[in-house]
1. Being surrounded by 10 or more Cβ atoms within 10 Å (Cβ to Cβ), in a strand (DSSP E or B) and at pLDDT below 95 is the filter here; which residues of segment 17-69 pass it?
2. Condition test on G72, is it under 30 Å from P4 (Cα atoms), modelled with pLDDT under 70 and either outside any helix (DSSP H, G or I) or not acidic (D, E) (or both)?
Amino acid sequence: MDGPLAFSVAEACSAARIGRTSLYQAIRAGQLRALKNGRRTIILATDLHRYLENLPAFEAAARTEMKRPGAGMTAVPIATRDTKNAEEEQQLRRLAALDTSLEKAGS
């Protein structure tokens, strides 16, 4: 057998090239199985491989931007983000115009 049978949390993070928080989130979400030996958390190599193989594939054709919310990563299409920003800017312009017209009416 090549490599270790199991990893500590730090070793699993290093081997998978993921952060400690992401690893614990995957464990809590049931995406990655972890074992306990006393106080020590152990991740079997086969479970780590299975977790990594089940991650979604990156699709270069879908142009998305990644944001960092508190609980995991969310892909937001750029077109949607641009549309939302344009709508917000349009609403702000309408409010500014309304404020201006109200000020003129009041004076």
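The values are calculated or read from the model by the stated rules, or taken from the named source; none is laboratory data. All of these numbers come straight from a predicted model, not from anything done at the bench. No Cβ is skipped: glycine too gets one built from the backbone with ideal geometry, and neighbour counts run over all protein chains shown.
1. Within segment 17-69, T64, E65, K67 meet the criteria.
2. yes
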